[in-house]
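The values are calculated or read from the model by the stated rules, or taken from the named source; none is laboratory data. Computed from a predicted model, the values in this text were never measured in an experiment. Neighbour counts are summed over all protein chains in view; Cβ atoms, including those assigned to glycine, are modelled from backbone coordinates with ideal geometry. Just the protein is used for accessible areas: all its heavy atoms, side chains included, with ligands, DNA and RNA removed. Shrake-Rupley method; radii C 1.70, N 1.55, O 1.52, S 1.80 Å.
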Amino acid sequence: MLAPQISMRERMAMYNSNALKIGLFGSNCSSGRAVTRVPERWSGTWPDNLRLARMADEVGIDFLLPIARWKGYGGDTDYQGATLETLTWASGLLASTNRITVFGTVHAPLFNPIIAAKEFVTADHIGEGRFGLNLVVGWNEDEFDMFGVQQREHDERYEYAEEWADVVKLAWSDREDFDFAGRYFKLKGIRAKPKPFGGTRPLMMNAGASDIGRSFALRNCDAFFTNTPNRERAEVEAKVRAIKAEAEKYGREIDVYTVGVVTCRPTMADAQAYYRHCVVDQADWSAVDLILAKKNITVHNHSPEDFQKRRNGYAQGMGGFPIVGDPDEVANQLAELSRAGLRGIGISFVNYADELPYFCDEVLPRLKRMGVRA
Ligand SMILES: Cc1cc2nc3c(=O)[nH]c(=O)nc-3n(C[C@H](O)[C@H](O)[C@H](O)COP(=O)(O)O)c2cc1C
């Protein structure tokens, strides 16, 4: 029997016609993305991840995006202290679901590219073409110390990642028994079989925030995750347009995604009260300060107002903007992002599995009526 052929376009569309793709971001980590002490915060355990993935698969969520985090941040809750490794996590979930795309997130400097290429292919076969790769270069140096790996200077990380990605793509290609002689890798007699599922390669994404990170993503990936400055449609639209125009200069088409943190409750007042309870009154401020210190954001190099703004921002979800409201409000905000040209959004909840059913029952049908979901 001939193996089914799938196109890159089908992979980028995640095999459906939803204009706005919605994914869950960060569920492989304890606490997810909310830096909070509330007892119902996300466990990040395998049984909870499996339950969540099956539910998401069933209700039509488009993708799951994990965070590659090797060392927790500490604080009262040891924020993201327990994390499931993303490729094994993705493989288990792909084997347990039918239609959802599942990403693995990989730090290029920590993985041999030939081993990684085979791990990606294996996951892709398990999921029959539903595996995606989030390629990251890493920013957290004490995490790298744990591996005895010296982090390169910022821009060189992306040069290395580009060569790493070239090796992976060649291993995925039809070439056989070839050598690779680059600046970082000298590899001989590469033979890598099988190839990815369906005759195309897995969807690749990156979320570089710097100029060099963005240009790496636009040249090498299919999806680019970016923080949107705020919710003003004109500003988001301008940002998406600029990113797509830059990609065109490299002869590439790219989908632009963003990240959000959703608190959806029956009334605006309920949503705002819960949001405040979790990420202000019950925020794990000791963890927030440890995160900020790792990013070198201190009162000494930021104005008091700016520092406080960042502190509040990190508590609610390590960046990404809050979408807080009743189902109409949440649906309106998501639809606006779609109209501004964004292809999708990775969202998180304080407790993904408890909050997803309400979101799917109330928000997804509204998005369908608004024409941004099929
Ligand atoms: C959606 C998203 C997912 C990310 N996932 C990870 C991750 O899992 N691990 C990691 O070390 N960094 C992750 N990052 C950080 C980025 O890869 C990148 O290093 C960061 O945005 C800084 O950009 P720069 O490398 O261009 O300076 C993520 C960022 C975003 C917005």
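Accessible surface ranking for T77, T88, T267, 1.4 angstrom probe, highest first: T88, T267, T77. Counting Lys and Arg as +1 and Asp and Glu as -1 over every other residue whose Cβ lies under 14 Å from the Cβ of G148, the net charge comes to -3. Within the range 122-219, the percentage of alpha carbon pairs spaced more than 22 angstrom apart rounds to 42%. Taking the accessible area of the chain, probe 1.4 Å, and keeping the other protein chains in place, the carbon and sulfur fraction comes to 51%. Here the alpha carbons of the range 310-363 define both size measures, Rg and Dmax, at 12.0, 33 Å. All Cα-Cα separations within the range 29-116 were binned at 10 Å from zero, giving a P(r) of 17, 44, 31, 8, 0, each value a whole percent of the pairs.
Based on the Stokes-Einstein relation at 37 °C and a viscosity of 0.692 mPa s, and on the Kirkwood radius from alpha carbon pairs, the range 1-156 is assigned a translational diffusion coefficient of 197 µm²/s. The lysines within cross-link reach of K244, meaning a Cα-to-Cα straight distance under 24 Å and a gap of 8 or more places when in the same chain, are K21, K169. For the range 282-341 and the range 44-91, write down the distance between their C-alpha centroids in whole Å. That distance is 20 Å.
Counting only heavy atoms of the protein chains and using a 1.4 Å probe, H277 has close to 80 Å² of accessible surface.
Across the alpha-carbon set of the range 223-374, the Rg to Rh ratio works out to 1.00, Rh being the Kirkwood radius. Here the convex hull built on the C-alpha positions of the range 239-287 has a volume of 126 cubic angstrom per residue. Split the chain at each of the trypsin sites (Lys or Arg not before Pro) in a DSSP loop with at most 16 other beta carbon atoms within 10 Å, and the longest piece is 296-374. Residues S31, S91 ordered from highest to lowest accessible area at a 1.4 Å probe: S91, S31.
For the chain, the antiparallel share of DSSP beta bridges with both residues in that region comes to about 15%. Rolling a 1.4 Å probe over the protein heavy atoms gives the chain an accessible area of 42 Å² per residue. Using the alpha-carbon atoms, what tilt in degrees (0 to 90, nearest 10) does helix 46-59 show relative to the longest principal axis of the chain? For helix 46-59, the angle is close to 90 degrees. Surface calculation, 1.4 Å probe, protein heavy atoms: V350 sits at approximately 20 Å² accessible. Between the Cα long axis of helix 327-339 and the first principal axis of the chain there is an angle of about 40°, rounded to the nearest 10. Each residue was assigned an accessible area with a 1.4 Å probe, and for S17 the value is about 90 Å². Once the Cα atoms are used to define both axes, helix 86-95 deviates from the longest principal axis of the chain by about 90 degrees. Mean sequence separation of contacting Cα pairs (under 8 Å, at least six apart), scaled by the length of the range 230-326, corresponds to a relative contact order of 40 percent. Taking 20 °C and 1.002 mPa s as conditions, the chain diffuses translationally at an estimated 101 µm²/s according to Stokes-Einstein applied to its Kirkwood radius (Cα pairs).
Starting from the alpha-carbon convex hull of the range 113-169, give the projected area averaged over all orientations, in nm². Could you put the intermediate results ahead of the total?
Details: hull surface 17.9 nm².
Average of the hull's projected areas for the range 113-169 equals 4.5 nm².
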